[in-house]
Amino acid sequence: MCASDRKVCGRGLTWIKPSFLWMMYRGGWGAKEGQGTVLAVEISRDGFEWALRNACLSHHVPDLHGEQADWKRQLKRSPARVQWDPERDLRLRPLPYRSLQLGLSGEAARRYADEWTVAVRDVTPLAHEIHTLVSSGDLDSAVRLLPPERPYPIGEELLAHLRG
């Protein structure tokens, strides 16, 4: 899954959030102000991996970046940034493992909008249906409706500079 704000190619960051339940946490099941539409945006593998190769962690890790000033320079130059946020369960409570969130700006945001996007689907009705099932306590039915997600097959060398 992917979420994008209205600032694609503008001054803000456009965030790719590959987890459906993390998106439901962020957008309140499509009910939060300004989050009323939930889009599933499919992007190319080449584009996603380009963004990862050109990303910087969103926070300073001394063992990885050295001095904070060095990290700040790297962050300023990077067209993408990564943060690792707690994954969520059906009730949107944090789980003990994290999911990648990928912020795009500048060249990365332009490539995302112009080159990498393969398909866009409105999954707002699905989000609302799953939320209704969760709210009524029918978690088994809600789980069956979740979009399939699996770990992204990627070499460690692509993520080594993004572990913190």
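What follows is calculated from the coordinates using simple rules that are stated; it is not laboratory data. Just so you know, these numbers come straight off a predicted model, no measurement behind them. Don't worry about glycine lacking a Cβ; one is built from the backbone with ideal geometry, like all the others, and counts go over all protein chains shown.
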From Cα pairs below 8 angstrom and at least 6 apart in sequence, can you work out the relative contact order of the range 14-162, rounded to a whole percent?
34 percent
Hey, which aspartates and glutamates would be in cross-link range of K76, C-alpha to C-alpha under 14 Å, not counting anything within fewer than 8 residues on its own chain?
E107
For the range 22-32, Karplus-derived ³J(HN,Hα) couplings (6.51, -1.76, 1.60; θ = phi - 60°; whole Hz; x for glycine and proline) come out as 5, 5, 5, 4, 5, x, x, 6, x, 10, 5
Let me check I've understood the local charge: for S136, count other residues with C-beta under 15 angstrom from its C-beta, Lys and Arg +1, Asp and Glu -1. What total comes out?
-1
Derived scalar couplings ³J(HN,Hα) [the range 91-100; Karplus, 6.51 cos²θ - 1.76 cosθ + 1.60; whole Hz; x for Gly, Pro]:
8, 6, 7, x, 9, x, 10, 10, 10, 6
Can you give the angle from 0 to 90° between the axis of helix 124-135 and the longest principal axis of the chain, with both taken from C-alpha atoms, to the nearest 10?
60 degrees
Could you please report the charge total around L64, scoring K, R as +1 and D, E as -1 over all other residues with beta-carbon less than 11 angstrom from its beta-carbon?
-1
How far is it, in nm, from the label point at K72 to the one at R150 when both lie 7 Å from their Cα along the line to the Cβ?
4.4 nm
1/(1 + (r/R0)^6) with r = Cβ-Cβ of D46 and V120, R0 = 25 Å, i.e. FRET efficiency to nearest 0.05, evaluates to 0.90
Exposed loop sites here are GluC sites (Glu not before Pro) in DSSP loop states with at most 14 other C-beta atoms within 10 Å. What is the longest stretch of the chain lacking them?
68-148
For the chain, size of Cβ-based charge dipole, Lys and Arg +1, Asp and Glu -1, in debye:
480 debye
Express as a percent, rounded to the nearest 5, the fraction of DSSP beta bridges in the range 14-162 (both residues included) that run antiparallel.
85 percent
